[in-house]
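The values are calculated or read from the model by the stated rules, or taken from the named source; none is laboratory data. Please read these numbers as outputs of a predicted model, since none were measured by experiment. A quick note on method: Cβ atoms are made from the backbone with ideal geometry, for glycine too, and the neighbour counts reach across all protein chains shown. With ligands, DNA and RNA removed, areas are computed over all heavy atoms of the protein, side chains included. Shrake-Rupley method; radii C 1.70, N 1.55, O 1.52, S 1.80 Å.
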Amino acid sequence: MKISNDLIKNDVPAEGQISDCVSFNMTENAELKIAFLGNSITRHGVAEELGWFGDWGMAASCRENDYVHKLISRIKKRVSYCVANLSGWERSRDMSLLERDYAAVKSFGADIVVVRLGENARLAESLEEFKPCYKEMVAYFAGNAKVVLTDLFWEYEPFDGFVKNFSEEEGFAFVTLHDLGGNPEMKAVGKFAHAGVAAHPSDRGMAEIAERSYKKLCNI
């Protein structure tokens, strides 16, 4: 069983990563609507105690350089998008949170739903309990949208394989990312004093996540 040391040592708290867990960027006469469901890699608010002062994908140098905004910039259409941080749900598996805190995402009516999470789920302890919750969460948000799932940035084979198989079973697009977290060049090593923050994707890592995701979006 292979598990990334960064996944084991990830000490960026799952709770309280963002004050407004869903944000929207609306474009007039949008041709495409995309929902991004993630955790700190997708968006983390200011956390002075961690030495993090951004409000975007953690460890990117600016909002435009996180994977969400790099991906949006590649799309040659008018795009409206929402960004949802599900880190609290990852840790708790509390399905009532979906309707209580994330109903606006479902009402958004996305054409494409991108799900890129799992690192906060204590997978080594509770993978079997997390699997059905993950499937239910995806179903809740998917509706009639096209779905893109990714595996983890910090590799954990049992979960990565589960997501890949689930994608194949449901006909979802699948993006492989698990090789990135083991590459120091893809992480913000040396840019932040806090080890958990520094283990997150650097601008280069974010760009690679965006590029791989974009290629899948072009084929669905």
Spin-label model distance (nm) - Glu211 vs Ser107, 7 Å beyond Cα toward Cβ: 3.9 nm
Computed E for Glu49/Glu169 - FRET, C-beta separation, R0 45 angstrom, nearest 0.05: 0.65
Label-point separation in nm, Lys77 to Leu32, each point 7 Å along Cα→Cβ: 0.5 nm
Segment 157-220: trypsin sites (Lys or Arg not before Pro) in DSSP coil with no more than 16 other Cβ atoms inside 10 Å: Lys191
Ser92, Ser23, Ser40, ranked by accessible area, largest first (probe 1.4 Å): Ser92, Ser23, Ser40
Qualifying aspartates and glutamates (Cα of each under 20 Å from Cα of Lys131; at least 8 residues distant if same chain): Glu90, Asp94, Glu99, Glu119, Asp151, Glu155, Glu157, Asp160, Glu168, Glu169, Glu170
Relative contact order for the chain, counting Cα pairs under 8 Å that sit 6 or more residues apart, in percent: 26 percent
Listed residues Leu32, Leu117 arranged by accessible area, highest first, probe 1.4 Å: Leu32, Leu117
Dipole-positive endmost among Ser126, Ser19, Val79 within the chain (Cβ charges, Cα centre): Val79
Nearest-0.05 FRET efficiency for Arg91 and Arg63, computed from C-beta distance (R0 22 Å): 0.30
Antiparallel DSSP beta bridges within the chain, as percent of all bridges there, nearest 5: 30 percent
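Explain nothing, just the number: dipole magnitude of segment 109-220 about its Cα centre with +1 on each Lys and Arg Cβ and -1 on each Asp and Glu Cβ, in debye rounded to the nearest 20.
360 debye
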